[in-house]
Amino acid sequence: MPKLIAHPAPEAIIAYTHHQALTANDFLRDCVWLATQLPRQRYLLNFCKNRYLFAVGMGAAALNQQTMLLPPTYNQGMLSQLQQNYPDLYVLHDQNMPEISDFLRFKVAYPVMPDHPGCEFSRDLEKAFSVPEIPADHVMAYVFTSGSTGQPVPHAKTWGSMTRNAQAQLRRIGEDVNFLNQMFTVLATVPPQHMYGLESSVLIALLGGQAFSAAHPFFSQDICTELERLPRPRVLVSTPFHLSAWMDSGMELPAVDLIISATAPLSIQLAESIEAKFQIPVQEIYGCTETGQIATRLPTANQAWQTYGQVEIIQIDGENDSQGSVVAQGDYISAPTELNDVLEVIDKNHFRLLGRKVDQVNIAGKRSSLGYLNYQLNSIDGVRDGVFFIPDTADALKEKRGETRLIAFVVAAGISKADILNALRCRIDAAFMPRPLFIVNELPRNSTGKLPQHVLAELAQQLQAEQSVSETQKQ
């Protein structure tokens, strides 16, 4: 059976938190003790913001054969749905949260396990370093996507599949970067509740014998501060949104040895600027909720993606889709899974990403994708951040008539709206020009740098209403 951690010795560093280094032995003692304290429920919502406390909570839950629920959002509506569908759940948290006041809950803080002369439990744990084993078929987490009905759709992640996934990622890092067999330390700007953050900060450390920072920095200054506290080699796990802000901050940036990016396409310009600055590779991860991460690429070297391990990408014919469909299968993927992206399959282990199926735009018989349009928009000098949006008023009849109009939101510096539109005309077909294009101070990205559809819809409604009022006042 796979073990809870892969660290071979009790003194191996597993986490850096609160200005101290915590060892594998510290972590195991905390997990074993917390497991005796947790409610005996079947499911838990692990809301710990501190990454170490999140990891201890996950480890304790694994020892108790409990399953984490990891929804895509944590608003009141989603929490109410989970409470209704999984009444046998509790919340593990490290900060006060008014939205969980109606839940059974357990708060964890430092030190996790009491450490005083009268604690017999503590002395028993010091006698031997023994790493617990977790059944490979134990469902460690249900990760949710939003289905067409709006109900969260769960996807089971077993401890065995999570272990093999982490090991596959570690092998790929070894292929792309030479750390000379040194342990590396991960700092992540994405929360551990997100699948990317869970895999690439917590699991790769626990199951790959590495270390992670307990911090969750968001602002550029915080990223710099936390990096400086970590030993090298150090890996920054982030998103294009965070990386762009970090590189543009004008700060003296600490050295890093590898940068990993996911959640959105990384522009070649940003990747090249990072590599020129630090003389290190930038690695992009491809994956989805259903499969977890399954492929990587070094975007400045090769636009094609290479799958992990024995994962295969297979093209299949679709009855209602002229482009067909693509499934991922093999290795730690429990069953062949259809992907929601349009891929150009090179061979079973290599592919190019053309865009998401839901991002496909058909205007007056011409096809494009939001991913492609966003790439062209963000490639314009002076555009700091930008996104295209299909308004909810778009429908099949308007699309057939060629009446669908796209909206674009842009954060820009030293460039006017007219300049942006002129640059776009040189890059994209006239059918896809945004009508209108809004200049905004910032885009309403969430903690992983994503732009939820409903948030963009609200922004579009607000800006269009303001534009209408302004035009009326001018008359």
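I need 311, 455 ordered by Cβ neighbour count within 10 Å, fewest first.
455, 311
With Cβ to Cβ distances under 12 Å as the rule, what net charge do the other residues near residue 301 carry (K, R +1; D, E -1)?
-3
By how many nm would the segment from residue 384 to residue 468 grow when fully extended, if each residue of separation counts as 0.36 nm and the alpha-carbon distance is taken off?
27.6 nm
Distances over 29 Å make up what percent of all Cα-Cα pairs in the chain?
53 percent
Okay, helix-only estimate at 222 nm for the chain: each DSSP H run of n ≥ 4 adds -39500 (n - 2.57), divide by all residues, round to 500 deg cm²/dmol; what do you get?
Result for the chain, helices only: -8500 deg cm²/dmol.
Along the charge dipole of segment 240-349, Cβ charges K/R +1 and D/E -1, which of 255, 241, 313 sits furthest on the positive end?
Of the candidates, 255 comes out farthest on the positive side.
Please report the spacing between the Cα centers of segment 129-146 and segment 32-51 in Å, no decimals.
One Cα centre to the other: 13 Å.
Mind putting a number on the dipole of segment 11-103 about its Cα centre? Charges go on the C-beta only, +1 for Lys and Arg and -1 for Asp and Glu, and I need it in Debye to the nearest 20.
100 debye
In the chain, with Lys and Arg counted as +1 and Asp and Glu as -1 at Cβ, which of these residues, 31, 114, 467, has the Cα nearest the positive end of the dipole, that is, farthest along it?
So the residue furthest toward the plus end is 467.
Of 375, 340, 152, which is farthest on the positive side of the dipole of the chain, counting Cα position, with +1 on Lys and Arg Cβ, -1 on Asp and Glu Cβ, and the Cα centre as origin?
375
Two decimals is fine: what's Rg over Rh for segment 240-368, C-alpha atoms, Kirkwood radius as Rh?
When Rh is taken as the Kirkwood radius, the ratio is 1.03.
Please compute, for the alpha-carbon atoms of segment 13-264, the extent along each of the three principal axes and give them in descending order in Å.
Over segment 13-264, Cα extents along the principal axes are 53, 48, 33 Å.
Treat each spin label as a single point 7 Å out from the Cα along the C-beta direction, and report the residue 249 to residue 171 distance in nm.
3.6 nm
With +1 assigned to the C-beta of every Lys and Arg and -1 to the C-beta of every Asp and Glu, and no other charges, what is the dipole magnitude of the chain about the Cα centre in debye, to the nearest 20?
320 debye
By count of other Cβ within 10 Å, fewest leading, how are 308, 43, 286 ordered?
43, 286, 308
Assigning unit charges at the beta carbon (Lys, Arg +1; Asp, Glu -1) and nothing else, what dipole magnitude in debye, to the nearest 20, does segment 13-264 show about its Cα centre?
360 debye
Calculate the spin-label point distance for residue 110 paired with residue 178, positioning each point 7 Å from the Cα along the beta-carbon direction, and give it in nanometres.
The modelled label-to-label distance comes out at 3.7 nm.
For the pair residue 130/residue 225, report the inter-label distance in nm, with labels modelled 7 Å from Cα in the Cβ direction.
Placing both labels 7 Å beyond Cα along the Cβ direction yields 4.2 nm.
Arrange the following residues from fewest to most other Cβ atoms within 10 Å of their Cβ: 251, 140.
251, 140
Every number in this text was worked out from the coordinates using simple rules, so none of it is lab data. Just so you know, these numbers come straight off a predicted model, no measurement behind them. Glycine gets a Cβ as well: all are built from the backbone with ideal geometry, and neighbour counts include every protein chain shown.
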